[in-house]
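K.L.:
I am attaching a structure below and will ask some questions about it afterwards.
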């Protein structure tokens, strides 16, 4: 990436994230562009711009970090798998909490469920009839 592309990228970030601060004075702006160029020099502009687009499309509230802009582009398939993995991890962490806080079946329901099939059906019907609202 070159100086002009870093400037263009900063403008894109400011356009998507109005709270993103770009200095008004020329020396500070040049310093900012130089610092960003140092970090993004080996990153193609297209990669950084696409990472910015994906970041903003994901409804992120804050502008992306330089590190996020530098990441190599991932295919839609890779993004899908990462999303599924995060979803599964979130479910499993919630599951652990659910197991810790769950309450078992009441004893009278356990006793009904341990009955032979025909007796269980009759006990369930009786229980349901007694507990109708």
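K.L.:
Would you point out which residue out of 29, 10, 52 is in contact (Cβ under 8 Å) with a residue 12 or more places away in the chain, over 23 Å from residue 76 (Cα atoms), outside the structural domain of residue 78 (by TED's automatic domain parsing) and in contact with a helix residue (DSSP H, G or I) (Cβ under 9 Å, 6 or more places away or on another chain)?
P.N.:
Details: 29 fails: in contact (Cβ under 8 Å) with a residue 12 or more places away in the chain; 52 fails: over 23 Å from residue 76 (Cα atoms).
The match here is 10.
K.L.:
Residue 61 is checked against (1) outside the structural domain of residue 19 (by TED's automatic domain parsing); (2) exposed (fewer than 10 other Cβ atoms within 10 Å of the Cβ) and fails just one. What number does that condition carry?
P.N.:
(1)
K.L.:
How many of the residues in the range 104-113 are assigned to a loop (DSSP other than H, G, I, E, B) and exposed (fewer than 10 other Cβ atoms within 10 Å of the Cβ)? Please lay out each step first, then the result.
P.N.:
Filtering the range 104-113 for residues assigned to a loop (DSSP other than H, G, I, E, B) gives 104-106.
Subset that is exposed (fewer than 10 other Cβ atoms within 10 Å of the Cβ): 104, 106.
Looking only at that region, the number is 2.
K.L.:
Out of all the residues in the range 82-103, is one or more assigned to a helix (DSSP H, G or I) and in contact with a helix residue (DSSP H, G or I) (Cβ under 9 Å, 6 or more places away or on another chain)?
P.N.:
Start the filter on the range 82-103 by keeping residues that are assigned to a helix (DSSP H, G or I), which leaves 82-101.
Within this subset, residues satisfying the condition of being in contact with a helix residue (DSSP H, G or I) (Cβ under 9 Å, 6 or more places away or on another chain) are none.
No, because not a single residue in the range 82-103 is assigned to a helix (DSSP H, G or I) and in contact with a helix residue (DSSP H, G or I) (Cβ under 9 Å, 6 or more places away or on another chain).
K.L.:
Taking residue 83, is it in contact (Cβ under 8 Å) with a residue 40 or more places away in the chain, within 16 Å of the chain's Cα centre (by Cα) and surrounded by 10 or more Cβ atoms within 10 Å (Cβ to Cβ)? Break it down stepwise before answering.
P.N.:
Details: in contact (Cβ under 8 Å) with a residue 40 or more places away in the chain: no; within 16 Å of the chain's Cα centre (by Cα): yes; surrounded by 10 or more Cβ atoms within 10 Å (Cβ to Cβ): yes.
When the stated conditions are applied, residue 83 does not pass them.
The values are calculated or read from the model by the stated rules, or taken from the named source; none is laboratory data. None of the values given here were measured: they were computed from a predicted structure. As a convention, Cβ positions derive from the backbone with ideal geometry for all residues, glycine included, and neighbour counts pool all protein chains shown.
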